[in-house]
1. Residue 167 - would you say it is surrounded by 15 or more Cβ atoms within 10 Å (Cβ to Cβ), in contact with a Gly (Cβ under 6 Å, 6 or more places away or on another chain), assigned to a strand (DSSP E or B) and among the hydrophobic types (A, V, I, L, M, F, W, C)?
2. Report whether or not residue 521 is within 26 Å of residue 411 (Cβ to Cβ) and not hydrophobic (A, V, I, L, M, F, W, C).
3. Output the qualifying pairs, or none if there are none: Cβ atoms under 9 angstrom, residues six or more apart or on different chains, first residue in segment 120-139 and assigned by TED's automatic domain parsing to the domain that holds residue 176, second residue among the polar types (S, T, N, Q) and exposed (fewer than 13 other Cβ atoms within 10 Å of the Cβ).
4. Right, residue 482: in contact (Cβ under 8 Å) with a residue 60 or more places away in the chain, under 22 Å from residue 448 (Cα atoms) and touching a Leu at 6+ places or on another chain (Cβ under 9 Å) or not?
5. On the basis of being in contact with a helix residue (DSSP H, G or I) (Cβ under 7 Å, 6 or more places away or on another chain) and either among the small types (Gly, Ala, Ser) or at pLDDT 85 or above (or both), does residue 117 make the cut?
6. Looking only at segment 520-536, decide whether some residue is touching a residue at least 24 places away in the same chain (Cβ under 8 Å) and not in a helix (DSSP H, G or I).
7. Only one of 563, 596 is at pLDDT 95 or above, of a type in the set (Gly, Ala, Ser) and either in a strand (DSSP E or B) or in the same structural domain as residue 493 (by TED's automatic domain parsing) (or both). Can you tell me which?
8. Could you count how many residues in segment 459-493 are assigned to a helix (DSSP H, G or I), of a type outside the set (Ser, Thr, Tyr) and out of contact with any Pro (no Cβ under 8 Å at 6 or more places or on another chain)?
Amino acid sequence: MHTSCQERFCSPLLLTLLTLLARYGELLLRGGARCLVFLGAVLFAPATLASTASQWFHVGTPALLLSLLILLLAIGGGLLSVLLHHLDVGSFRRLHHQLTVMPIAVAIVRKKDGHLVYGNKACRQLLGVRKLNERYLYPDGLSSKMLCDFLRPFAGLKTFKDVDEALPQNNGKVIPLVVSGLSIRCQWQSCWLLFMDPPRASHGEQVKLEKEQRIFQQVLNSLSELVYFQDKSGKLIGTNKAFDRFWRGRIEEGIAGEQDIGSLGNSAAHTWTTAPDGSSRLMETNCNLLIGDTGEAIGTLSISHDVTDWHEMQEVLKSEIEKREVTEQELAQRNTLLDTILSASRDPIALYNEHGVYVGCNEPFARSLGYTQQALLGKSSADVLDPDKLELFRQTDQQVIQQGISVKLDDYVILEDGTPIWYEVLKSPYRDPTDDTTGVLMMARDVTERKMAEQQLADAIMELQELSFVDSLTKVANRRSFDEQLRKMWYSHIREQHPLTLILCDIDYFKAFNDNYGHQQGDLALREVAKVLRSVVKRETDEVARYGGEEFAFLLPNTDLEGGQVVAAEIHRALADKGLTHRYSDIASTLTVSLGVATLIPKPSQDYGKLVELADVALYRAKAAGRNCTMTMSERKAG
């Protein structure tokens, strides 16, 4: 009966024990989700045990007492596990709620592998942590291993405080942090509760920062532009005084709406508004992204400019451009008309500005200077004219431009084929309406035939003038007067038996002068030489005469050969001082003369032609000696 009693009551006991162990194991495997079921089993088990225990005690078997003890230990362990689990879950939930609202970055990191168990919002923003469902993922530049390496020195500690650390980012930058930690258990595992904060400035740095902020605000307030700042949500966080004055009482109107910043991080918008004085103003607002130290956008900076004047100027400029286009069309028509006239004219026509640069011409004018029309345009007169002719043209150009009068002159040109042409040139002022510059309009007419007729007439007049005593060109005695004076002086010196000196003067390379400078310049040179020669003669009895062409003669009564040489030297000196330009001379850059000096004491048996003959021989020798020199002859040398 004892054995059957044991068997009868042992089975329920074992069944109950196995049930409790199974539920306990299930709780350990599945966690708190089965907590209520397990509690029900635990509450039900004592009733079963109570009825069974009475039978156990009644039987009095020691083995059953041992089983009962094991059962009680299992029940106690299960209850303790349930209690600890609920305490852990409740504690983590309360901690999660508190950490979520904390303003500083907080993270829970598993000690054994650095796994990120939790990160609050501030932590996710600071480190760039991503939350995927209930999982927290490190950014690309940060890993669990890095956290393990950082936390390894604190493995045996419960806490650590204010440790400086720089955590990397995926953009290559680092985030300086001050980290404090507390060792905790979370979800049945050993973890670190980490508090992370950017380094705080010292008191001195804080004072310096506040000073810089004040200076920055003063700088903003000194600007006439309207400046304001907004955070990422569009909330206004700062303005300058110009903004406050302009938008007083209507701040919302002054804040630009949502703008498309674009890939470059800026945008611009134009809006019409009313200024405090009631005037209508056009405002241009430039909006730029503000980038924080982490490279992320933290807000926007907007600057508004009053561009009303610029807008009005643009409108005026637009109107002026339209007027200019009309003017340009009219000028184009006039240019077409002018080109037609220039092309149709056979006479040379040219336009050049006050600097002498050719801005227009026709083909005959360009051909007269040895150029084509296109090649001449844009060139300066200094590049195409001889220096002497350039100086003459500049003098007349100044008259035309400064006095605003027309000037007429003659110009002698030798074409490339050697053809000489005389032009009658008329210069008139003109003004360019496009840029209000002045210049010269030059029109030339071929008067070669008329000039040839005038030259023939001049030659005839010269023949008539030779019959008089004064040369009409040089205003000195002519050949007829010279012959008459020589005859008179010859006979008077025969009576007195005093020496009579004759100097023949010939201008060197005068034909080249005429060929290159023209007869007009040649005549001018003859007049200038005659003035110089007259200045050399000091006595009233001395006479200077134009002997013929470019030759002059001096009659020096009562003058010996040495006196004649003195006068000859004075002639050379005076002409050199005058400095008449002759660039086509082979011996000098100015006009020079060759002199032949002859002296005789006339005899009754001699003719005055003897003196002329001696002077002519001396002149010939001077030319043969290289010109620009003096040679002498006397009766003794001739003999």
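The values are calculated or read from the model by the stated rules, or taken from the named source; none is laboratory data. As the structure is a computational prediction, the values presented were derived from the model and not from experiment. Cβ: placed from backbone, ideal geometry, glycine included. Neighbour counts: every protein chain shown.
1. Working: surrounded by 15 or more Cβ atoms within 10 Å (Cβ to Cβ): yes; in contact with a Gly (Cβ under 6 Å, 6 or more places away or on another chain): no; assigned to a strand (DSSP E or B): yes; among the hydrophobic types (A, V, I, L, M, F, W, C): yes.
Spelling it out, it is not the case that residue 167 is surrounded by 15 or more Cβ atoms within 10 Å (Cβ to Cβ), in contact with a Gly (Cβ under 6 Å, 6 or more places away or on another chain), assigned to a strand (DSSP E or B) and among the hydrophobic types (A, V, I, L, M, F, W, C).
2. Working: within 26 Å of residue 411 (Cβ to Cβ): yes; not hydrophobic (A, V, I, L, M, F, W, C): yes.
For residue 521, the condition - within 26 Å of residue 411 (Cβ to Cβ) and not hydrophobic (A, V, I, L, M, F, W, C) - is met.
3. 120/100; 121/100; 128/170; 139/170
4. no
5. Values: in contact with a helix residue (DSSP H, G or I) (Cβ under 7 Å, 6 or more places away or on another chain): no; either among the small types (Gly, Ala, Ser) or at pLDDT 85 or above (or both): yes.
Spelling it out, it is not the case that residue 117 is in contact with a helix residue (DSSP H, G or I) (Cβ under 7 Å, 6 or more places away or on another chain) and either among the small types (Gly, Ala, Ser) or at pLDDT 85 or above (or both).
6. Scanning segment 520-536 turns up no residue that is touching a residue at least 24 places away in the same chain (Cβ under 8 Å) and not in a helix (DSSP H, G or I).
7. After applying the criteria, what remains is 596.
8. Quick first cut of segment 459-493, residues assigned to a helix (DSSP H, G or I) only: 459-465, 479-493.
Those left that are additionally of a type outside the set (Ser, Thr, Tyr): 459-465, 479-480, 482-490, 493.
Keeping just the survivors that are out of contact with any Pro (no Cβ under 8 Å at 6 or more places or on another chain) gives 459-465, 479-480, 482-488.
Here the count works out to 16.
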